[in-house]
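Everything on this sheet refers to the single structure shown next.
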Amino acid sequence: MSADERSFVEEARREKLDAVRARGIAPFAYRFERSHTAAEALAAYGDRTDGADGPAVAVAGRLVALRGHGKTTFAHLADPSGRLQLYCKLDVLGEDAYALVGLLDLGDHVGVRGPLFRTRTGEVTVRVEQLELLAKALRPLPLGKAAAKEDGSVEHFSELSDPEQRYRQRYADLAVHPERRETFAKRAAVVRAVRAFLDGRGYLEVETPILQPLYGGASARPFVTRYRALDADFYLRIADELYLKRLIVGGIDRVYEIGKDFRNEGMDRLHNPEFTMLECYQAYADYGDMLALTEALVREVTERVTGGVELHVRGTPLPLGPAWRRAPFLELVAEHGGVDLRQADDPRLRQAIAARGAEPEEGAARGRLIDQLFKVAVESHLVAPTFVVDYPIELSPLAKPKRGDPALAERFELFIGGAELANAFSELNDPDDQRARLTAQTALRAAGDDEAQTLDEDFLRALEYGMPPTGGMGLGIDRLTMLITGERSIRDVVLFPALRPE
RNA sequence: GACCCGGUAGCUCAACUGGUAGAGCAGCGGACUUUUAAUCCGCAGGUCGUGGGUUCGACGCCCACCCGGGUCACCA
C-alpha cells in the first residue's frame, strides 16, 4: 500500500514506529519470557486487601485500552486468559522508558514486568517497572470502548459488527472479540469429544483421499480439479463413504474419519461448500445399532462440551429430553405433506409440492420428487430431535432394502432444529444389488440428474471380496457445533467461511 | 437463481419531502503522577460501494453492476 492510500490513523502509527526506531528500539521483538498470564496474575495477587504489593509478574499481550494522565498512564493488556490493568508512572520507569509509553497505540503487543498492587479503586494492576514493545500494530483494530462489568465480563460499547468484515477479516474479529474465540474453542472440544467417544468404543481413526479420480458416496455436484502429472481430472471428495467401506472389507471392523467434504453448491446459513463430516462404520451392525450410537454420541458430546443436556436452536434452548422420537418417513410425509407415497403417482407429488409454495423440479425422477416433498413439507417441523426412519429405497442407493419391505431402505436421518444432522444406513453389501442400483443412478445422470451417483468399479470389486454386514453413519460436525454453541449461521462456526473474492 | 434489507470517517451510526455530509469513540496537539466508557481545551479526518442517468442542485430519485446479510429454492 502506498503512503497516500493509508488513512491518517495509519500514518500516525508509522510516525510512531519511526520514532520508536529512532530511539534505538526494535519495534518487532523476538520473544518475551512470561511468568503469568493475565488471569494467573490476578489469581496470584488473590483477594488481599492489606494494601501491600503482590508478587512481581511478567505478562504480555495486546493493548486494548490506553488512558494517559500526563506523567502516568493506565492501560489494559489482553491475552487469551483475560485483561489486566497496567500502571505506568514516570517516576518508576524513568524518562526514557516513559517516553516509549507515549509511542504506544491500541493494538500493540507489549510485555511488562513489575509488582502487582491494588489501585485505590480496587483493581489489581501491574506497576510497570519494565516495558517492552513486542509488536507494533500499524493498522488500527476495530477496538471499541470497553468496560469490565461486575461479573468480570467485558461490555463493548462499539465493536466490529459488520458481518462481511467479520468473516473476511476473521483475525480482526477474533482479536477484538474474546467471546468469539470461545466459540472456536468449543468447536475443538466437540471434535475432541467425538474422537474420545469413538476411540473409547474401539473405532480406528483413518484418513482417506480427498483428491479422487471418481467421486461418490453422496448425491452432490463435485469440485473438479486438474491433476497435471496424470493429465486427468480429479474430484474433491463429496463423502468418505466408499473408501471407508473398502476398509471394512479390509478387516478394519470399526473405522471413522473426521474430515472435509466439498460440495459444489450454494452457501447459506446451513451450508458452506467445504464442511467437516464425521463418518463411521461398524461391521456386524445395522442401522438400529447406528441409531443407538448416534443418540449416545450427540448426548455424550453435548454433555462433555457444555456440561449440560441442552442444545440451542436459533438462540432458543432445546433440551435433549428422554429417548428421541422415531418416525417412519412415510408417516411423516402423510402427516405433514398429506400424501400417501404408496398410492400417489408423480403428478400427485408435484401437486403436493406446489401446494407448499415450492416449484416441483422439471423432469425430476420420482426419487427426487419424494425428496423435495419431504424437504418442503416435513423438515421444518422436526425441531426436537427426531430419527426419520425407513426411507424410500430410490432415495438410498447405498442402503440395504428393509427387511420385510423392499420398497424401503434401512436408513435413518437425525433431524434437530429443523435441519438434518446425521444420516445412516444398513450398508448395502450385496455387490450385484449395488451394481444394479448404481447403474440405475447412471441412468438418472444420463437423464439429466447431475447429482446422481457414479458407478465406481473399484468399489464394487471391493464388495465382491465380501463386506460383512455393516452399519454406517455420517454426521455434520459444523452443524453439531452450531447446536452446541447456539450459533445461527454456519459462518459463525467456520473460521474462514467461503466468500466471493474481494 | 428469485425476492427483501443494507454498504456514509479506522469503528458504531446520523443527515427531514433532493439544497452541497455530522456525532460519539479511535487519531493528532495541549493540560493532568491511582484512572478505568478518565476528564477538560483545541485540531484534523470522507472519491457517501462502483458506473451511468434525471435535476439549477443527488448520500437521498431512476437504471445497471459489485459486495454482504436475510428469506425462499437446491445439496448435509
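Any read-out appearing in this document is the output of simple, stated calculations on the displayed coordinates, not a laboratory observation. These numbers were taken from a predicted model, which means no experiment stands behind them. As a convention, Cβ positions derive from the backbone with ideal geometry for all residues, glycine included, and neighbour counts pool all protein chains shown.
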Quiz item: If you line up the Cα atoms of region A:355-502 on their principal axes, what length do they span on each, largest first, in Å?
Solution: 45, 41, 36
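Largest first and in whole Å, give the semi-axes of region A:271-317's equivalent ellipsoid, each being the square root of 5 times a Cα gyration tensor eigenvalue. Please report the intermediate quantities before stating the final value.
Values: eigenvalues 113, 60, 18 Å².
Working through the eigenvalues yields semi-axes of 24, 17, 10 Å.
First obtain the Kirkwood hydrodynamic radius of region A:1-129 from its Cα pairs, then insert it into the Stokes-Einstein equation at 25 °C and 0.890 mPa s, and state the resulting D in µm² per second as a whole number. Mind dumping the intermediate values first?
Numbers: Rh = 15.6 Å.
D = 158 µm²/s.
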Quiz item: Among the lysines, which have Cα under 21 Å from the Cα of A:K402 when same-chain residues fewer than 8 positions away are ignored?
Solution: A:K245
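For a distance above 40 Å, tell me the whole-number percent of Cα pairs in chain A that qualify.
Beyond 40 Å sits 40 percent of the P(r) for chain A.
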Self-check item: Under 18 Å from A:K89, Cα to Cα: lysines that are on another chain or at least 8 residues apart
Solution: A:K71
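Based only on other Cβ atoms within 10 Å, what is the fewest-to-most ordering of A:T442, A:T73?
Details: A:T442 14, A:T73 20.
Fewest to most other Cβ atoms nearby, the residues stand as A:T442, A:T73.
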Quiz item: Once Rh is set to the Kirkwood radius over Cα pairs, what Stokes-Einstein translational diffusion coefficient, in µm²/s, holds for region A:262-385 at a temperature of 20 °C and a viscosity of 1.002 mPa s?
Solution: 123
Quiz prompt | Neighbour cut-off at most 14 other Cβ (10 Å), DSSP loop, GluC sites (Glu not before Pro), region A:27-104 | solution = A:E33
Practice problem: Taking the Cβ of each residue in A:E159, A:E179 as the centre, tally the other Cβ atoms inside 10 Å and list the residues starting with the fewest. | Solution: A:E179, A:E159
Quiz item: Counting every Cα pair in region A:344-431, what percent are over 17 Å apart?
Solution: 53
